[in-house]
Amino acid sequence: MFSRIAPSTKRSVQQAFKPAVQARFASTKPAAAQHPKQVAAVTAGIVGATGLAYMYADSGISANMADEGLHPPSHPWPHSGPMSTYDHASIRRGYQVYREVCSACHSLDRIAWRNLIGVSHSEAEVKAMAEEVEYEDGPDDNGDMFMRPGKPSDYMPRPYANEEQARAGNAGALPPDLSLITKARHGGEDYVFALLTGYMDPPGGVEVREGLNYNPYFPGGAIAMARVLFDELVEYEDGTPATTSQMAKDVCTFLAWAAEPEHDDRKKMGMKATIILSGLTLLSIWLKRFKWAPIKSRKIVYNPPK
């Protein structure tokens, strides 16, 4: 009798629990699979709204290349390679161009005189150049400010005392600081070089307001800064011909160094790190094989008892 009851009891228990199991698994089924059309409609709405917002969020976006400026051509700079360093003779000449031409309007706030020591000038030369500039210091014992000759720890002097004076002296335009100019502009040194050598007469149909100059590499094509580099404008100490392109190349190299003075040390440190890490990698591979080769190649023999 008990043998007849047992199977029937087992079946009844399974039937009692089967709907609960099915309900539990049905509750975990993704709702998205049940309503594919609704999901597709919501996705299309989100994508469409995002596209419209991107198109109309900024009404100043223009497809005209003149509004963005021409893309500057790429030049083979001596320091652009993975193992290349700055041309320090070019940095020295570039500083001369900056000092005699660019410093009349543009500041170099992040560079101190001492940064030039061992890079382009000797310590005696830097001290002599710094002493040519007077800096306000103080107060003295009487509480008054006084002027003193510059020291290597002082930063490069500014051409204007404040922003208002700079705008007043440049028809309302503010000359940017050149400390990080090659990092702040798309194209870096290529952009600065193209800007300095790209002045030309405006083409037919292009009008430039009075006081502005046409340069296709500047966004909008009209720039307040006039052309400043002309052949033989400066006289290099090493006798290098001071052509417009040579002066532009040298000052771009100097500005690239000003924006990244740790460039050479960073590459040197990277080379040391590559050599050390490569050696440690080879050592770890050898140690792994030394430790695991006997274990992986061993043969385990089982001799059952007789």
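Here are some notes:
- For region 202-269, alpha-carbon Rg over 2.2 N^0.38 Å: 1.55
- Entry for region 177-302 at q = 0.10, 0.23 Å⁻¹: log10 I(q)/I(0) = -0.55, -1.29, Debye formula applied to identical alpha-carbon scatterers, no solvent contribution.
- Between Lys291 and Ser80, the FRET efficiency from the beta-carbon distance, with R0 = 41 Å, is close to 0.40.
- All Cα-Cα separations within region 138-187 were binned at 10 Å from zero, giving a P(r) of 19, 30, 34, 14, 3, 0, each value a whole percent of the pairs.
- Computed from label points 7 Å out along Cα-Cβ, the spacing between Ala173 and Phe146 is 4.2 nm.
- In region 178-262, taking the dipole from charged Cβ atoms about the Cα centre, the farthest positive-side position among Val192, Asn213, Pro261 is held by Asn213.
- Cβ-Cβ FRET estimate between Glu232 and Lys272, R0 fixed at 35 Å, reported to 0.05: 0.20
- Selection of chymotrypsin sites (Phe, Trp or Tyr not before Pro), region 248-306, meeting DSSP coil and at most 10 other Cβ within 10 Å: Tyr302
- Accessible surface of region 228-278 [probe 1.4 Å, protein heavy atoms]: carbon and sulfur percent: 61
- Debye intensity ratio in log₁₀ form over the Cα atoms of region 96-208, taken at each q of 0.21, 0.22 Å⁻¹: -1.31, -1.34
The values are calculated or read from the model by the stated rules, or taken from the named source; none is laboratory data. On a predicted model such as this, the values are computed, not experimentally measured, just so you know. Here Cβ is always computed from backbone atoms with ideal geometry, including for glycine, and neighbour counts include all displayed protein chains. Side chains are part of the model used for accessible areas, which takes the heavy atoms of the whole protein and leaves out ligands, DNA and RNA. Shrake-Rupley method; radii C 1.70, N 1.55, O 1.52, S 1.80 Å.
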